[in-house]
Ligand SMILES: Nc1ncnc2c1ncn2[C@@H]1O[C@H](COP(=O)(O)OP(=O)(O)OP(=O)(O)O)[C@@H](O)[C@H]1O
Ligand SMILES: [Mg+2]
């Protein structure tokens, strides 16, 4: 544990598979960028990170390597994760003298080794002290739960790589599950569907755009379709094609059901008093995938519980981490400890 006063900039950071979001005092969210790194292939030197690197997806010359090093909210490529987080910390801190204090998200239920790897990256990337908070708990703090109150709140955070489900009471997790299913799986499945059923090859970005534009967990009243560009798998020639919302919905249905299963699994093992609270106040849905058409209504049908999406659904986890840093004693009282590089090593 570290008893030093916090003198560095306090940063709440949501480290996701798809996006990194960071919030600081007085300014709120100051960074929300894709978790993509562009590297010089030979030397490993950083060319760019975030939005500009993301725009290179599928369009890179051979000399540039693109990577998303933060897999399912953890760190798949240690060294590259450190480079990515360092670039973002430098953007946030600019010329500040003191090292920042970072509270960052982690998926619920990860191993100690996985936790250690995330902390190692954040500290080597330039943080003076760091602490990790389960993503759905951070989201609960971000939507404004009262951490003192014995009252159950269910948070479902659907991101690119993971679906985190947690029931929170008195500022702590009562029951949680993290399933490795999210928006990335849907993008992959849309790609495979178009290849196998339509003989069309599309890039990852096109698949993601189709999901966001016309995909859904529920059928829309009106019939809609999108026109996209791809390649004919038979002759490799470029072509325009039309695809309907129905086809995309069909392709992603299993993923949507897997997400719902994670929610019902948690409800099944949640004590009755907490379930009563959840039924009274509804399930809170956040993360980028909460924008998928009809996902809230679909979860309502499956669980019979009202679903609410907060206005800032993609920012709540970073804001919750910042809140945890600012609320005196919250972290200590709930068993979260700051770690420095010296402690870790
Ligand atoms: N309008 C939209 N419709 C459908 N999906 C969307 C929309 N906007 C964003 N998404 C999806 O949300 C996902 C990113 O969400 P988010 O930023 O919460 O993930 P993350 O925090 O990076 O990942 P994780 O928490 O799983 O590690 C992507 O799969 C993206 O395609
Ligand atoms: Mg996330």
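No value in this document is a laboratory result; all are computed from the given coordinates. The structure presented is a predicted model; accordingly, all values stated were derived computationally and were not measured. We place every Cβ from the backbone using ideal geometry, glycine too, and count neighbours over all the protein chains shown.
Listing for the model above:
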{"item": "Descending principal axes extents, the chain, alpha-carbon based, whole Å", "result": "65, 56, 34"}
{"item": "Net lengthening on full extension, residue 149/residue 276 (0.36 nm per residue, minus Cα-Cα)", "result": "44.2 nm"}
{"item": "Protection-proxy order for peptides 314-323, 30-39, each taking the mean of Cβ atoms within 10 Å per residue, highest first", "result": "314-323, 30-39"}
{"item": "Alpha-carbon centroid distance for the pair segment 310-345 / segment 37-99, whole angstrom", "result": "24 Å"}
{"item": "Residues 149, 186, 237, sorted so that the one with the fewest Cβ neighbours within 10 Å comes first", "result": "237, 149, 186"}
{"item": "Max mean-square fluctuation residue, GNM over the chain, Cα-Cα springs under 10 Å, options 187, 120, 265", "result": "265"}
{"item": "Volume per residue that the Cα convex hull of segment 263-319 spans, once the total is divided by residue count, Å³", "result": "93 Å³"}
{"item": "119, 137 arranged by Cβ crowding within 10 Å, fewest neighbours leading", "result": "119, 137"}
{"item": "Gap separating the Cα centres of segment 152-203 and segment 209-275, nearest whole Å", "result": "11 Å"}
{"item": "Residues 283, 343, sorted so that the one with the fewest Cβ neighbours within 10 Å comes first", "result": "343, 283"}
{"item": "Where the Cα pairs of segment 148-309 fall when distances are cut into 10 Å bins, in %", "result": "11, 37, 27, 16, 7, 2, 0"}
{"item": "Computed [θ] at 222 nm, deg cm²/dmol, the chain (DSSP H ≥ 4; -39,500 (n - 2.57); rounded to nearest 500)", "result": "-11500 deg cm²/dmol"}
{"item": "Rounded FRET efficiency, nearest 0.05, which uses the C-beta distance separating residue 297 from residue 265 and R0 of 22 Å", "result": "0.60"}
